[in-house]
Every structure is written in structure tokens, then in C-alpha cells.
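Let me begin by presenting the structure, written as C-alpha cells, before commenting on it.
The values are calculated or read from the model by the stated rules, or taken from the named source; none is laboratory data. Everything quoted here is computed from the prediction, not taken from an experiment. Cβ sites come from the backbone with ideal geometry, for glycine too, and all protein chains shown count toward neighbours.
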């Protein structure tokens, strides 16, 4: 039974996509009913799978059928339900469902469309989105990709789902393709993630050539294979094992997908899409998929490594990239005034946490943070969408045309949009790790505790610093947006969003708080005696080699509480009295602030390092040098040579010899034809008479003469 | 007195033999007598049906109809016949003389020939051949030939056009007619007319195959060239159609052919779908079957007259598209569905009548739905193209 | 009883007459008629042989049915071709349809 | 001379004369009508050969469909060739000679034919049911039957396509 359910989970969104694209795209109502209905069915199936898993059902549940025979081996397609899959399904289904419902309100369903609205541009008077049905088709396909990626039992289908999501994110970031910025962003996102994907495909190919299979059970949960991979030297030689190289290639895929440094630049630009898309990409699906991948291949990353050992090279790389990204992106978030961009950088930073956790071998902590982050980041994005929506409406009413994303024009929205404020506050506090009550505290604390407990002090310090900055910009964002006085007319006229937008916020806020209680670490004062560390036990059972539970240590706890509260407080105090038009208090940092605001000039750097050299290379070298000079020159040479040769042949051979004999034959045939053509009358009857007489002759020969 | 027809035949045979005539020749004579008798009676029926039709049409149109000659105008037809006989049979200049003369004979002959296989009563049929229904189809189309001959030989363009229309219509509607007739053949398991009648001793086929009956009826109307398919003699378009040049008894023969044909089709419908001579009490007194048969014929004939009185004429493009786009696909569907359902129902022990009726009802519902959807789309297109005509009348079959 | 050879002689005669129609007629439709006559002669032959020699199997009858089907198809296509030619070139005389000659 | 022989001679004579008229009469319409007579004669001969089914089929297909179609074809194209024009081509003498050759050849073969007498027909073997079964029997004639039906469909479509009035601008 559960096997069939697992098979069916990705199917409803796919059907919904097909139905909407092919049949119902004229009817907005029918389209969103089908889209949400499909997601609802998928959600119900995912929940039943999850509850089967947590209620002690036998795991992993696995089925497969043969898909593609390839000579000696065959590629199978199947499902794989283990604890990691189950919890991933849980948060993916919930957040996606919330996003689907939220989209109805976000795209102003029920409002009359403005005749000036054009497909490819955001509706400018609060009317219904012109491509409403198409949006639901795209996100349905996106949901299919994500769910297929989660339930599959092999890396190939995972890659397929991965690419479907990449394609969908391309479509959705550029959903308003009438905007030039959106067009640029969609191309950038697609191309940047493609860099990672190519490496990932290389990893897949390499893995396949070594093992002849891509199925989880035969690679990741097969100690012999892992041992083989860990001991086989890689093609690079020089001490790296095949496992490490494959893990590195996969990790580059993750770097692209989860926007880790140095491939992080696409994600902030992806904010050009509608806000549900941002939530989809940054919380529920795409970036989570990157982390899901490295969690999935955790046995491969850690092949030949055991708890307590010094980190292997690949783990060092991963943890370094993760920690660096966490700190680096959090500093960038400080300088942003666009409400969604702050969250985008925050996402990059939080993903860095998870990557770093995987890097130091803290599998459970990373998974735990993945879950909590999905909920609170989805909540924050949807909340920010609600804010933007409200401010946009205010802008329409007051005629004050400002950028509705810009936080400097907000302020005082607490009274205007109470539900959004409270849920956003919960999300913000969770993000900054407000002690005890929020889920973010528990998950982040676990990562810090792991880093501290396994004595990776450098990592610990960097992450703690990142946590401090995170708390700071969260405080800054909440204060600038909701507290104080309204700094524009639009903000004064803002009002609360419809129920289809607020209900998902409340649901997500609920989970943002509650999820944390499933992961209270063992030995935590007072609380741990009430609630067991359920997450640790459950998720850890994914792996063959179980990690030992760390002893409780108050140092990371104190640090964690300290940075969270401190950061929030500083943020609040600094921005409490921000006036309209006043410079950002951080501008006092001078040059550093300029650097931050310009994202450390990474875009410019890449432009200088890659884009312009590529153009130059194409123009100067390939076109002028190779194409014009070498290839064309060669062709011209060949052509003139052929011409000269042809002339010689024509004058010496063709005209006297070939033509002479040809003419003779031709003239002879012509003469023969002219003389003989009277026989051909062109009348079938004549031929028939001849034929009949011949047959008669033949008959008489046979019957009378033989 | 169990079988009076055999008894009469035996009586005549005995009589002839007693005069001293050879047995073989007696047999031939008997056949000839029966054939002449049957043909004459059927021909005479036309006289009555003409009167009935005029009278009924008059009632439909709130008139009195013939009422001067004889009681209730009963002798009106006789008066008409005398008039026709005494008129000169004109042969137009440039006409193809022999073909012109033969055409009405072929028409009447073809129609009367149909009665050769008609089972009139239990044990009474002209020739009970095992391919009776096929014979009906084959001989029934001979009438088309007569009409073509008339149109060709008249040296008149209206006659020619009328003949064209007739041929187009008759050939087209033969397709659904044949398909509809295959269903009773399938249900009875035979093409013999007597077998078909006997197969309806329990349930009449109109209950087993109502749609087939309807299709057969409509196609027959088209074959007859009766309203609403009477565009072969649409006065406003082609004057009188193929018999425009005929006068006197030549015209009379065409008239007779037409009425006898209508009567014959009624008889066919009665035989194939209404159980022919089936009815209560025929086992004990077989001649009763003849009465039942006559009653059923009259009933169907009444419906034909009724339709003539109430329906408008359709256009020629409507005639064509109705046939090829609606009734032929429907007949095909019904044929296939009936074949499947009948086979499965009989194998699985369902009530045959109920299952077949239900399948017919489902086909009707689906058809109605499709027609509605099609009409809706046509209406939408009409709205889109505003007042532009939806459809140019297609070129007629020429 | 009619001897088998009578049927065969009649069939041969009709066949030859049909063949003459095909060979000598100028009108394309008349040629078609000739072909029909030839086919009918063949059918007569087939049925006669079936009746006299092989009446224990239905091969002859089936053969005739197939011939009938082919004849129907042939007439339909043939007439369609003739009418198409008539539309384009206003002629049904086979001697005048000589575009591909020389 | 038995009854069937008299009938055969009468019908055969009519058929042969009709056939000769088909290929010789100048008026094509008349040729068509003579063709119908010849086909009807063949149908009667079929009855003489104890196959009423094929006789009826002969009438239904040849007379009702093919002959009428041919007559329509004649009518449609009658302006192209007047009935007074020469109907026989210049090579008719050659054609006649060829036909005589063929006829002689055929008669020569016929003279070698066995002098068989018709056996009794078993009713089951000529019944339509038996014919129907053998037509769809896997060991019977299902393949020719299906091929013939495909041929008919192809001919139907092809005929419509060939004779269709070309769309304007074509």
C-alpha cells in the first residue's frame, strides 16, 4: 500500500500541469482548483507516507521497476522512503501547499482584470494576473519536479527532477518576461545553476562508470560499494579517492543549486519573480533540493571517515564553503534595502549553515535546520509578499508611486497589517534564533553545538559571528518595516491582505514554532526531560553508521542565546527612529557599507572575469581570428584551387574527350528515337492490341505447336 | 382449415390436373397466377392509398379533400385514372423513344417485384428465399434506374437535374438503410423474410432496435423521395423533376409507382420491425395474420402521410450532410453497439430486450449531447463571424 | 443439365467482346464498361467451375466476392480519374489524353 | 433439351447480344443500359448455377452501384463527346483480330476442359452462414477479405480526392 502511495505522490501535480496547460488555461477558477487540488492530493499522500514513517512503519520502503536497460546493467526507476525522505516530504508538502493557496490571493484572484494589463508584466492596478492559469501550471510542474526528486530511489531521477525544477525556476523567475530585469535574471539563474549541473552530471557519469548503478540502495547504503569508492584512487590521482571526487562534483551541483559562494549571485536576482516563486525557490524546493542532495550523498561524502576522525579534504572544502557563505551572505544582507533581497541573502547564509554542518559531519543538525529553515523562510517570504502587496495597494490608493519592495519607504505597518506583522515577527525571531520558543534556535543551536563539540572552533566562531549578523539584520528588517512611523504615503494606506494569503502565514508560523520542540537536544536543562530529541533519533536512523549524541555543553548555548538577543537588540535600537529620507545608520561605516551594498562587487567581478572575456574571446579570437582568417581563408584557398583545377579539366579533358563521345552517343540515340518513336503512339489500346496478339501467339504456340 | 392458403393452392392444382394438364405445367401456371394476382392487387392498392393520402392530407391541412365523386369521394381516384388513361401519351421531340417508354415500366416493375418475397401471412409468401432482405435491397434500387432512364431520355434539363438529385439521394441513403437493415438481420440470424418475422414471435424488433427502426424509416423516406426529402420533385426548383415530360398513363405509372413504393416500404417496416403477421391467435387461424399485417402497414403508412403533412422540405446540402455526417455514422455506431451488446447479453444471460433498449437509449443520449455541443460551437462561430453566413450551400452532387 | 462447356464458351465469348470494347472504344467510360464485361465473364467462369468441379469448398464464391470488391473499387477510382481529366482537359477520348506522348 | 438448357440458351443469347451492343452502339447511354441487361443476364446465369446469393449480390453491386455509377459518369461527361462522333478508333480491325485470336485461344482451352456434371449441392455449404464464417476464418479467407476491405477504403478516399473540385487558388 505505502509503496503505491509513494509512487503516486508526484503524479497529481504533473496531471494538474498537463490539464491546465492543455485544457483549462482559459478558466482561471478551474485552473487554480486543479492546481491546488493536485497539490492537495499530493500533500495528503505525502502526509500519509510521513505518518507511516514516524508511526514506526518499517523503513526504508522501496520499490523499483526496470526503466532503461543499458547492456549489462539497467537503469531502474523506483521509490525510496527513509526517514530523511519522510521529513523532507513533510516540510515540502506543507510549504508547497501553503504557497499554492497563497498564490491565489497574491495574484488577486477575484479582482477584475485591467484592460491595460499585458501578459508578461505585473498587473499595475491590483487586477488579476493576466497569466494566472499559466502560473499554476508552472508551479504544479515545479511541485512535480520537487516531489519526484524527493521520493525517487536513484540519482538519475533525482537529477531529472533537479533539472525540471531548474527549468521551472527559469520560467517562473522570468514569469513577468516583459521586464528586462526579469529576463536578465531568468537567464542568469539558469546559466549559473547550469554550471553546477554540468559538474553534477559529470559526477553521475563517473559514479555510473565505477559502480554501474545509480540506485541509493546499491551505492549509499551498501558498505562494500562505499568502501570500494573510498579506496579507489580517482582519475585525478594524487591521493584523492573516487568517492571524494564524486562527492566534490555533486557538491558543486549543490553550490549552484543552493546558491553557495561562489555561485551565489543568481539568487538575489531571482527575486524578480512573483513572491510565491521566491518562496518556492528559496524555501520549499530548489535550494532545499541542493541541501537534500548533499544530505542524500552524505555516506558518499563521509566514505572512509568516522565520527571523531579529522575531517577529510572534501569535508574541509564543504565546511569551508558553507561557513564562508554563511558569514559572507549575512554581511551582504545587512546592506540591502529591498525587503526580499534581505531575505534572499539570508537564505544563502542559512544554507551555508547547513552546508557547513554537513561538512563537519553533523548530518542530523543539517537536516533539522533544513526543515525549520524551510518553514520559517517560506513564512518570511510569504510575509514579505504580503507586505509588498499591502504597500502596493497603498501606493495605488494614495497615488504615491514608490518601489513597494523598498524598506526605507515602509515603517509602522504593525497597526495596518497586524496578522502579517505577528507572523513575520515569529518568522524573524525564528530566523535569528530567539531562545527556547522558536524552532530556529534549536536547529541553529544544534549546528553550533556540533561545531563546538567536535572541536572545529574556526567553524564555530564563523558561524556564531554569522548568527550575530543574522540577528542584527533581522532586527533591522522588522524594525524598518513594521515599527516606528510610516515613512511614505503608501505605507500609511497599506492594509491587510486577503485570507488566502494570511491563512498560509498562520499555518507556517505555527510550524515555525512547533517544529523546534521535536529536536530539543539531550541534556538540555529542564526541557529535555519533557520532550525527547525525536528528530535526532528518527533522522539519524537514515544512516548506516549512527552518530553519537554529544554531551550537552553550555558554551554554544550561551553564545547562541547571546548573539541572537544581542543582534536583535542592536538592530532594533539602531533603526528604531529611522526618519524618511535619512541615510542608513550603517552608512557611517563608510567604504565597507558601499562594498556591502554593491555585494562586494561580485557581479562586476564575474562580469570582468568571465562574461567579458567570453565576449572578447568569441569576438576577437573565434570570429576574427579563427572564423575569418583561418577557416574562411582555407575555404577560399580550396575554392580557388578547385576553380583552377576545374578550368584545366574542362579545357583539356571534358570538351574534347567526354563531350565528344557524349555528343556522339546522344546524337545517335536522338536519331534512333526520332526514327523509332512512331511505334510509341501513347495510346494504351495500341499497346494492348500488341500485347493481346502476343499472348494469342504464345497460347497457340503452347497448345498447337508444343 | 388449418392452412387455407395451401388448401386453396391444392384445390386449384387438383382442378387443373382434373382438366388434364401436365403437373409441371400446372405448377408453372399456378406460380404465374399467383404472381399476376399479387402484382395486380398491389397495383390496385395504389388507388386506395391515393384516396387515403389525399383525404388525410386534407384533414391535416384543415380541408375536406375529395368529396364529390362517390361517397366520401371514394371514387375520385378512379375518375383520375380514367382521365389519365384517356389522355395522350406524348413523347417529346428529341426524346430517346424506347428508353422513355420503358422508364415508368421499370419503376413500377421494380416496386412490385419487391412483393415477391414479402411474407403476407403464416405460410403465405411469394418466394421464401434465404436472401430475402438482400433481394429487397437489390430490386429496390432498380427504381433508381427507371428514374435515371426517365431523366436521360426526356431531353429536358429539369428532368435531367431531377434524375441527378434522385440518384444522389437514393445512392447516399442506401448506405444507412443497409446498415440499419443489418441489425434486424443480426437479431434474427437470417436474411430470409419469413425467418425474420418468425424471430419476432416474442418481441418485435422495434423494441430491440428502436434506433435502427428510426434510421431505416428516415432512409426509406429519402429513398421514397417523400417529404421531407422530396427535393427531387421540388416544384419551385426543378418544376416536376424527372417526370416533367410524362403525360397520360406514363405519368400515371410514375404516380402509381410512388404510392406503391410508399405502401411497400410500410409493409417492409411492418415485416422487419413490427413483426409482420405476428399477432395473437395466428396459430389457430393463420389468415388472421394477413389482417394483422395489413393493420400494421396502414399504421406505418399513416405515419408517412402524417409526416408529409407536417414537415417542410430540406435543402439539398442539408440532405447530403444529414446523411453523411449524421445518420450514417449513427447507423454504424448502432450496428457495432448492437452487435457487441447482443452477443454479450445473450452470453451472460441478461434480458435481451432491456439491455438492447438501454444501449439504444445511451446512444440517443450521447448523440443528443454531441449534437448540442456541435450546435453550440456553430452558434459561437456565428457570433464570431457576426452576420456573415455560416456555411455556403455546397455544390450539389454534380 | 447444362454442360459445363456451355458456360465456358459463353464466358469466353463475353470476355472477348469485352476485350474488343477495351481495345476499340475511344471513350474512356466505354472502356470501363468493357472491363466490367470482362470481369463478369471471369466471374461466370469462376462460378461455373465452382459449381461443377469444386462445389465442396467455397473458394470460388469467395474469389468472386473479392472480384466484386475490386471491381467496385476500380470503377470508383476509374470514374473519379475520368471526371478529373474531363474537368481539366474537357475530353474523355483516350486518344486525346496524350500529354506524356513523346 | 431440358428446361435449364432452354433457359441457358435464351439468357445466354440475350447476354451475349447485350454485351455486343455494349461495345458497338454509338450512344454511350444506351451502351450503359445494354450493360445493365448483360449484367442482369449474368445474374440469371448465377441462379442457374445454384447460387442465388451471388445473383442477388450481382444485382445489388453491379446493376445498382456500378452500372448506375457508369451511367452517371456518362451523363456528367456527355458534353465532351457527342454521340454522333466516331466511337471506334482507327485500329478497331486490329482489335477485332486480337479479340478473335484470344477467343480462339480460349475456345481451344475450353475444348480441353473436363466434361464434368454438377454434383448435388450440400445446402450447408452454400448457405450464407458458411460463407460468412469462411470469410472471417483464420484458416479461411480472412486475409483477402481484410485486404479487400482496405482496398475499398483506399479506393473510396482516393476517388473522393481525385474527383474533388480543387480548392480555389490551387
Exercise. Can you work out which of the residues in the stretch B:374-398 that are away from chain D (no Cβ under 14 Å) and under 33 Å from the mean Cα position of the chain (by Cα) is modelled with the lowest pLDDT?
Key: B:393
Practice problem: Could you check, for the stretch B:226-243, whether at least one of its residues is closer than 25 Å to residue B:351 by Cα and without any contact (Cβ under 8 Å) to a residue 24 or more places away in the chain? | Solution: no
Quiz item: For the stretch A:628-706, list the helices (runs of 4 or more DSSP H) that sit wholly inside it and hold at least 3 residues that are more than 14 Å from every other protein chain (Cβ to nearest Cβ), at pLDDT below 85 and over 30 Å from residue D:96 (Cα atoms); which are they?
Solution: A:633-649, A:660-676
Practice problem: Would you mind listing the helices (runs of 4 or more DSSP H) fully within the stretch A:334-429 where at least 2 residues are more than 25 Å from the chain's Cα centre (by Cα) and surrounded by 22 or more Cβ atoms within 10 Å (Cβ to Cβ)? | Solution: A:363-398
Quiz item: Does residue D:68 satisfy the condition of being at the interface with chain B (Cβ under 9 Å from one of its Cβ atoms), surrounded by fewer than 24 Cβ atoms within 10 Å (Cβ to Cβ) and part of a helix (DSSP H, G or I)?
Solution: yes
Quiz item: For residue B:160, which of the numbered conditions (1) at pLDDT 85 or above; (2) touching a helix residue (DSSP H, G or I) at 6+ places or on another chain (Cβ under 6 Å); (3) within 11 Å of another protein chain (Cβ to nearest Cβ) fails to hold?
Solution: (1)
Quiz item: Do the conditions hold for residue A:166, that is, is it under 15 Å from the mean Cα position of the chain (by Cα), crowded, with 23+ Cβ neighbours inside 10 Å and at pLDDT 85 or above?
Solution: no
Practice problem: Please list, ordered by first then second residue, the pairs with beta carbon atoms under 7 Å, 6 or more apart or interchain, first in the stretch D:120-137 and facing chain C (nearest Cβ under 8 Å), second at pLDDT below 80 and assigned to a helix (DSSP H, G or I). | Solution: D:130/D:124
Quiz item: Quick check, is residue D:143 surrounded by fewer than 15 Cβ atoms within 10 Å (Cβ to Cβ), modelled with pLDDT of 85 or more and under 22 Å from residue D:31 (Cα atoms)?
Solution: no
Quiz item: Looking at (1) within 30 Å of residue A:692 (Cα to Cα); (2) at the interface with chain C (Cβ under 9 Å from one of its Cβ atoms); (3) surrounded by 22 or more Cβ atoms within 10 Å (Cβ to Cβ), which is the only condition residue D:63 fails?
Solution: (2)
Quiz item: Consider residue D:85 against the criteria (1) surrounded by fewer than 17 Cβ atoms within 10 Å (Cβ to Cβ); (2) touching a helix residue (DSSP H, G or I) at 6+ places or on another chain (Cβ under 8 Å); (3) more than 14 Å from chain A (Cβ to nearest Cβ): it satisfies all of them except one. Which criterion is unmet?
Solution: (2)
Practice problem: Within the stretch D:94-101, identify whether any single residue is surrounded by fewer than 21 Cβ atoms within 10 Å (Cβ to Cβ), without any contact (Cβ under 8 Å) to a residue 12 or more places away in the chain, away from chain A (no Cβ under 14 Å) and assigned to a helix (DSSP H, G or I), and answer yes or no. | Solution: no
Quiz prompt | Residues satisfying the stated conditions in the stretch C:54-69, i.e. free of Cβ contacts under 8 Å to residues at least 12 places away in the same chain and within 7 Å of chain D (Cβ to nearest Cβ) | solution = C:55, C:56, C:58, C:62, C:66, C:69
Quiz item: What's the number of the condition residue C:95 fails, among (1) touching a residue at least 12 places away in the same chain (Cβ under 8 Å); (2) touching a helix residue (DSSP H, G or I) at 6+ places or on another chain (Cβ under 7 Å); (3) at the interface with another protein chain (Cβ under 7 Å from one of its Cβ atoms)?
Solution: (2)
Quiz prompt | Those residues of the stretch D:9-47 which are surrounded by fewer than 22 Cβ atoms within 10 Å (Cβ to Cβ) and either touching a strand residue (DSSP E or B) at 6+ places or on another chain (Cβ under 7 Å) or facing another protein chain (nearest Cβ under 7 Å) (or both), in sequence order | solution = D:16, D:20, D:29
Quiz item: If only one of C:39, C:79, C:47 is more than 14 Å from chain A (Cβ to nearest Cβ) and within 17 Å of residue A:688 (Cβ to Cβ), which one is it?
Solution: C:39
Exercise. Looking only at the stretch B:334-347, count how many residues are touching a residue at least 12 places away in the same chain (Cβ under 8 Å) and either exposed (fewer than 15 other Cβ atoms within 10 Å of the Cβ) or farther than 24 Å from residue B:265 by Cβ (or both).
Key: 4
Exercise. Looking only at the stretch A:281-298, decide whether some residue is in contact (Cβ under 8 Å) with a residue 60 or more places away in the chain, touching a strand residue (DSSP E or B) at 6+ places or on another chain (Cβ under 7 Å) and more than 21 Å from residue A:463 (Cβ to Cβ).
Key: no
Self-check item: Only listed residue being without any contact (Cβ under 8 Å) to a residue 12 or more places away in the chain, facing another protein chain (nearest Cβ under 7 Å), surrounded by 24 or more Cβ atoms within 10 Å (Cβ to Cβ) and farther than 26 Å from residue D:43 by Cβ, chosen from C:24, C:30
Solution: C:24
Self-check item: Residue among A:175, A:159 that alone is within 25 Å of residue A:81 (Cα to Cα) and within 22 Å of the chain's Cα centre (by Cα)
Solution: A:159
